[in-house]
Amino acid sequence: MTSPQMASEPHASGASGEPNASDAFRSGFACFVGRPNVGKSTLLNALVGTKVAITSSRPQTTRRVIRGVVHRPDAQLVVVDTPGLHRPRTLLGERLDSLVHSTLSEVDVIGFCVPADESIGRGDRFIADQLSGIGNTPVVAVVTKADAVAGARLAEQLVQVDRLGDWAEIVPVSAVTHYQLDVLTDLLVARLPVGGPLYPEGELTDEPEQILVAELIREAALEGVRDELPHSIAVVVEEMLAREDRDLVEVHAELYVERPSQKAIVIGTGGQRLKEVGTRARQQIEALLGSRVFLDLRVKIAKDWQRDPKQLRRLGF
């Protein structure tokens, strides 16, 4: 078991996963896993250097496996962000957990994310137990949100995380201040296999633009809603059309909720809230596409879609 005091000392790694000096180019996949709302998506964006995954203070924001590519002269690290692992209560939750487990079996190294500003809980212990049976894949424990606590509290959290399992390394980081992001990248890269680049230079994600746009709309819709609503919102981009004559992109999207009362919340009094969602989303989409955007949003009801296999397929899950 690695001592927390040694967590900031990166090493190179050979094919066996043991430290080994090598200047060969490395490439492969690292997966971030943790309970909901521990900062996995924010950390992914910080490592890649741009926004490829939406973030929110609401749990269970991530619903897809998002890949972000970190380019270095000596390596190409593909970071995979996953939905938060939890005990599912709906068919959607079951499918998301299945997605996480299948991803864990396919990557070269796993980053187990635990926040510095929250006590170790049952969710963390549940995931630690799951990771103990993952096989030979090395697991780096990542203590996120290190900027949110004082030094003594951070040191205490490192000790608690160390007791959760037999980790290859333990490293505290902050996506906000970029504290030790370079150390984390070194630790992950050191455990990748030797091999050439997997993505072209400059490509930061392989997510289709239409999916990214839908996620940005959902992120905007999550702001300021009641606690029960985020899990009930799904977004489908029905059409994206480049209008060269007007130098803009038309985006037509539909937001799905499960009940009429939720539709009323999303639209707001006199449609004001939906207008605010549209404004926030349009600004983000224009930054993504590098073009002016006309955004048309409609809100529809898909009753109990989180529990309906047919509707889940139609909504892309």
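The values are calculated or read from the model by the stated rules, or taken from the named source; none is laboratory data. Model, not experiment: these values are computed from the prediction. Here the Cβ positions follow ideal geometry from the backbone for every residue, glycine too, while neighbour counts run over all protein chains shown.
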From the set of residues in the range 102-159 that are polar (S, T, N, Q) and assigned to a helix (DSSP H, G or I), which is modelled with the highest pLDDT? 157
Tally, over the range 151-181, of residues that are among the β-branched types (Val, Ile, Thr) and crowded, with 18+ Cβ neighbours inside 10 Å: 4
For residue 61, state whether it is modelled with pLDDT under 80 and either of a type in the set (Phe, Trp, Tyr) or touching a Ser or Thr at 6+ places or on another chain (Cβ under 7 Å) (or both). yes
Condition set touching an Asp or Glu at 6+ places or on another chain (Cβ under 9 Å) and farther than 21 Å from residue 50 by Cα, scope the range 70-89, selection modelled with the highest pLDDT: answer is 87
I'd like to know if the range 198-210 contains one or more residues that are at pLDDT below 90 and part of a helix (DSSP H, G or I). yes
Scan of the range 160-180 for residues that are in a strand (DSSP E or B) and in contact with a Lys or Arg (Cβ under 7 Å, 6 or more places away or on another chain), ordered by number: none
